[in-house]
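Inspection log for the structure reproduced underneath, given as structure tokens.
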Amino acid sequence: MKNALITGITGQDGAYLAQWLLQQGYRVHGLVARRSSDTHWRLRELDIEGDVTLIDGDLADVSSLTRALEASRASEVYNLAAQSFVGASWSQPLLTAQVTGLGVANLLEAVRQVDPKARFYQASTSEMFGLIQAERQSETTPFYPRSPYGVAKLYGHWLTVNYRESFGMHASSGILFNHESPLRGIEFVTRKVTDAVARIKTGQQKELRLGNIDAKRDWGFAGDYVKAMWLMLQQDTPDDYVIATGRTTTVRDMVEIAFRHVGLNCEDYVVIDPAFFRPAEVDVLLGDPSKAERQLGWKAGTSLEELICMMVDADLRRVS
Ligand code: NAP
Ligand code: G4F
């Protein structure tokens, strides 16, 4: 039985990845940062809380990472923990650098010391493309991050590449485009919208305040994307892969899909609020996942319409 360690196991991707690894027969360990209130709701929703071993630790504290690696005896390490909300990275740029950027260095160093043969996955992001330098972004497209989050992630990405090249570690970086699910955090735009649609439909909310609805994203389903993470660590050779659907949609059109699903017209409810605009925007993201299709045999399997309807239905169940 293989052991895996997931940092960020209480987050959206961490929960789905834990579920997938359990289904593959792994013993799953998760690093959990100390919080004053409970953060295990996603593990409970997937009914796997009792099936994983949780270990206290923080990406900013390298001693806790060493202990977690020793305790778990992990042969696969998935680094999903991060301050992952782009909007908050302008109000907390140093924390974002510390956790999302330097946290990767802490974990790579801990892996190198405890078991340099362990396979390592880094959760990189399409935010690194930022001000895009090509219409469709692939593994060879130059990066131009547009937020403190994107800058921190770029450091983690290049450090992963560097540890692979410097020390021969099996370290891979998944450049994942936006992926969503009913377990998405409420601060991200898709879940903010589907939660609001459910509340408006049931008479618990009157309007939905949004920022830049002209922004375009390449949105997929998180449940599909965690399988790509696992596939990367099953390859003989570590590498970097873009994971995306290859389709881009405006926030405006995504909002329309969500309202239409419950028979409402979004124009009656959406209010544009400057408070939700960002100091610098990533206007459009569109991934080219052909390398992952070719080498990993991975392909996105859920359309945006299916995804948004799944999220609205889940939120309707929650608020009813
Ligand atoms: P998420 O839901 O925000 O989860 C982040 C996780 O990191 C949570 O479990 C959180 O714990 C944990 N964490 C935060 N600070 C920590 C610290 N100092 N030490 C240890 N754990 C800490 O994010 P996600 O959507 O699942 O994304 C997973 C990873 O993929 C992130 O690195 C994100 O940046 C990256 N990514 C996401 C997307 C996407 O569209 N979802 C796309 C590309 C890349 P708490 O629950 O206690 O806060
Ligand atoms: O849902 P978002 O907050 O996601 P964003 O900024 O694209 O970041 C997510 O995807 C990245 C991958 O590309 C991840 F690395 C990152 O960790 C995170 O998971 O915003 C999407 C778009 C933006 O253009 C934003 O300006 O929606 C626009 N937007 C418009 N109104 C809004 C809102 N975003 C939020 N969160 N809230 C709004 O009211």
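From the residues Ser290, Thr237, Ser303, which one has its Cα farthest along the dipole of the chain in the positive direction, the dipole being from +1 and -1 charges on Cβ of Lys/Arg and Asp/Glu about the Cα centre?
Positive-most Cα among the choices belongs to Thr237.
Going by average Cβ neighbours within 10 Å, how do the peptides 72-81, 227-236, 6-15 rank, with the highest at the top? Don't skip to the end; give the middle numbers.
On the way: 72-81: 24.1, 227-236: 17.9, 6-15: 26.3.
The packing order, highest mean first, is 6-15, 72-81, 227-236.
For region 27-92, what is the relative contact order in percent, using Cα pairs closer than 8 Å and at least 6 residues apart in sequence? All intermediate terms of the calculation are to be shown ahead of the outcome.
Values: 43 pairs, mean separation 20.4, N = 66.
Across region 27-92, relative contact order equals 31 percent.
Search the structure for amide H atoms under 5 Å from the amide H of Thr53, placed 1.01 Å from N in the peptide plane, and list their residues when 5 or more places away or on another chain.
Long-range HN contacts for Thr53: Val28, His29, Gly30.
In a solvent-free Debye calculation with one equal scatterer on each Cα, what is log10 I(q)/I(0) for the chain at q = 0.09 Å⁻¹, listed in the order of the q values?
Log10 of I(q)/I(0), two decimals: -0.44.
Long-range amide H contacts for Ala33: which residues qualify at under 5 Å (H placed 1.01 Å from N, peptide plane, sequence gap of 5 or more or a different chain)?
Result for Ala33 returns Gly57.
Looking at the chain only, what percent of DSSP beta bridges run antiparallel? Nearest 5 please.
Numbers: 2 of 36 bridges.
In the chain, approximately 5 percent of DSSP beta bridges are antiparallel ones.
With a probe of 1.4 Å, find how much accessible area region 123-207 has per residue, and write the answer as a whole number in Å².
For region 123-207, the per-residue accessible area is 39 Å².
Give me, ordered by chain and number, the residues 5 or more places off Ala123 or on other chains with an amide H under 5 Å from its own placed amide H.
Close amide H contacts, sequence-distant or interchain: Asn79.
Out of the total accessible area of the chain (probe 1.4 Å, heavy atoms of protein only), what percent is carbon and sulfur? Don't skip to the end; give the middle numbers.
Working: 6640 of 13700 Å².
Carbon-and-sulfur percentage of accessible area, whole number: 48.
Looking at the chain, how many pairs of lysines come closer than 19 Å at the Cα, when each pair is eight or more places apart or spans two chains? Numbers along the way, then the final one.
Details: Lys2/Lys117; Lys2/Lys227; Lys192/Lys201; Lys192/Lys206; Lys192/Lys216; Lys227/Lys291; Lys227/Lys299; Lys291/Lys299.
Close lysine pairs found across the chain: 8.
Charges only on Cβ, +1 for Lys and Arg, -1 for Asp and Glu: so what's the dipole of region 168-209 about the Cα centre, in debye to the nearest 20?
220
For the chain, what is the charge dipole size about the Cα centre, in debye to the nearest 20, if Lys and Arg each add +1 at the Cβ and Asp and Glu each add -1 at the Cβ? Numbers along the way, then the final one.
Details: 34 positive and 40 negative charges, 65 e Å.
Charge dipole, the chain, about its Cα centre: 320 debye, nearest 20.
Relative contact order of the chain, please, whole-number percent, based on alpha carbon pairs below 8 angstrom and at least 6 residues apart.
Numbers: 639 pairs, mean separation 55.2, N = 320.
Averaging sequence separation for qualifying contacts and normalising by length gives 17 percent for the chain.
So, by mean Cβ neighbours within 10 angstrom, what's the order for 307-319, 37-49 with the highest one leading? Before the final figure, lay out each step's value.
Working: 307-319: 19.3, 37-49: 14.5.
Listed from highest to lowest mean packing, they are 307-319, 37-49.
Positive end of the charge dipole of region 27-170 (Lys, Arg +1 and Asp, Glu -1 on Cβ, about the Cα centre): tell me which of Gly103, Asn79, Asn162 has its Cα farthest that way.
Result: Asn162, furthest along the dipole toward the positive end.
Apply the Debye scattering formula to region 153-231, with a single equal point scatterer on each alpha-carbon and no solvent, then give log10 I(q)/I(0) at q = 0.17, 0.19, 0.26, 0.27 Å⁻¹.
Reported log10 I(q)/I(0), two decimals: -0.83, -0.93, -1.21, -1.24.
Suppose we look only past 21 Å in the calculated P(r) of region 1-150. What percent of the Cα-Cα pairs does that tail hold? If you can, show how the numbers build up before the last one.
Numbers: 5263 of 11175 pairs.
Tail fraction, whole percent: 47.
The values are calculated or read from the model by the stated rules, or taken from the named source; none is laboratory data. Predicted model only: the values in this text are computed from it and were never measured. Please note: Cβ atoms are built from the backbone with ideal geometry, for glycine as well, and neighbour counts cover all protein chains shown. The protein model used for the area step is the full one, side chains on, heavy atoms only, and it has no ligands, DNA or RNA in it. Shrake-Rupley method; radii C 1.70, N 1.55, O 1.52, S 1.80 Å.
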